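Accompanying notes for the structure given below.
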There are 2 protein chains.
Amino acid sequence: MKTITVEPLTATEFAPYGNVIEISKDAQSFAINAGTTQRFHDLAHVTVSGKNARPIISMARAQPFHFPIKLTMLERHPDGSQAFIPVTPTRFLVVVAKDKNGTPFNPRAFLAGPGQGINYFQNTWHGVLSALDVVTDFIIVDRAGDGENLQIHEISEPYEIVL
Amino acid sequence: MKTITVEPLTATEFAPYGNVIEISKDAQSFAINAGTTQRFHDLAHVTVSGKNARPIISMARAQPFHFPIKLTMLERHPDGSQAFIPVTPTRFLVVVAKDKNGTPFNPRAFLAGPGQGINYFQNTWHGVLSALDVVTDFIIVDRAGDGENLQIHEISEPYEIVL
């Protein structure tokens, strides 16, 4: 079986696929509320398209996966970005892939550390939400609206994701 | 000085002002990802208006306030909803008010428990982000765009918020 080795999640490496949502020294930030709060501004763009499209906030409670993790499918949402931000202080797994003529290729796996969330760009191939170690609660920012906003690609020769 | 006594944050009491973002048995939920994840769907609506308006995700690191807390001003955002969800597992203070002819009245204070976030409806009067007890990191979902999206009301006779 082909293997994918997990990489650390950094804004630079993740840039082709989406935003990393985190408090970092590199982020544009400014003081608000008479200096009591520092705002790290515009870390992720929420985009939606299609009929009756609107951005929504949801939550998810995810059971953990355990390495090695089999990658058998990827999905994407043609009509909206999708952000996942853990409110449980723990790591989670982020799998993404580039697209070639409607088919994902070259999947990569990133390990998001505690304090990191991600936002997949609209129409970007990604794996299912993958908590690790513990049951993890996530904030989701994505789209509601008409139409089918999900494409699924079953991988004929599954990968094994290893740490 | 007039006092405001903090109330527990519940979806019912908060309904005139915004959404409570939490995993609750009452929320519409369904299984995703082959049953490994439960999605609590559409807990908060993100709305934006005005020229070049777009929803964005930011973060904030807030220094804590300590009771009794003086309420000297309220603000509102005419062109967008605004959500605050702590990623630090702790409580925080939420102050809101109704509007009468462009002026806030009858301010109320809610204590959000760990696991609760809130989304202020567009153009709803609210207090500044108020962490309690510890330095708290928040996810913010609000608006970027042109124009002045902030109205501030200084309170001539400040309130004291007590637990």
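Please treat every number below as a calculation from the coordinates, not as lab data. Just so we're clear, the structure is a prediction, and the values are computed from it rather than from any experiment. For neighbour counting, all protein chains shown are included, and Cβ atoms are generated from backbone atoms with ideal geometry for every residue, glycine included.
Note: relative contact order over chain A, using C-alpha pairs below 8 Å and six or more positions apart, is 38 percent.
For the segment A:39-47, counting C-beta atoms of other chains within 10 Å of every residue's C-beta and taking the mean gives 6.
When A:Met73 is represented by a point 7 angstrom out along its Cα-to-C-beta vector, the spacings to that point in the other copies are 5.1 nm, nearest first. Among the listed pairs A:Lys98/B:Lys51; A:Lys2/A:Lys100; B:Lys2/B:Lys98; A:Lys70/A:Lys100, a Cα-Cα separation exceeding 26 Å is found for A:Lys98/B:Lys51. Each copy carries a label point for B:Lys100 at 7 Å from Cα along the beta-carbon vector; from one copy to the others these points are 6.8 nm apart, nearest first.
Here the label points at B:Ala11 and B:Lys25, each 7 Å from Cα along the C-beta direction, are separated by 1.3 nm in the simple model. Charge dipole of the stretch A:2-162 (Cα centre as origin; +1 on each Lys and Arg Cβ, -1 on each Asp and Glu Cβ, all else neutral): 140 debye, rounded to the nearest 20.
Using a simple spin-label model with pseudo-atoms 7 Å out from Cα toward Cβ, B:Leu150 and B:His66 lie 2.7 nm apart. Secondary structure note: in chain A, about 85% of the DSSP beta bridges are antiparallel. Within chain A, the longest segment free of exposed loop sites, counting trypsin sites (Lys or Arg not before Pro) that fall outside DSSP classes H, G, I, E and B and have at most 14 other Cβ atoms within 10 Å, spans A:52-163. Close amide-amide hydrogen proximity is noted between B:Asp99 and B:Phe105, each under 5 Å apart and 5 or more residues distant or on a separate chain (H modeled in the peptide plane; Pro and chain starts excluded).
Measure off 7 Å from each Cα along the Cα-to-Cβ vector at A:Ile32 and A:Lys2, then give the distance between these two points in nanometres to one decimal. Placing both labels 7 Å beyond Cα along the Cβ direction yields 4.3 nm. When A:Met1 is represented by a point 7 angstrom out along its Cα-to-C-beta vector, the spacings to that point in the other copies are 6.2 nm, nearest first.
Mind checking which of B:Ser24, B:Ala62, B:Phe40 is farthest towards the positive end of the stretch B:16-101's charge dipole, using Cβ charges of +1 (Lys, Arg) and -1 (Asp, Glu) about the Cα centre? After comparing all options, I get B:Ala62. Overall, the protein assembly as shown carries a charge dipole of about 40 debye about its Cα centre when +1 sits on the Cβ of Lys and Arg and -1 on the Cβ of Asp and Glu, all other atoms neutral.
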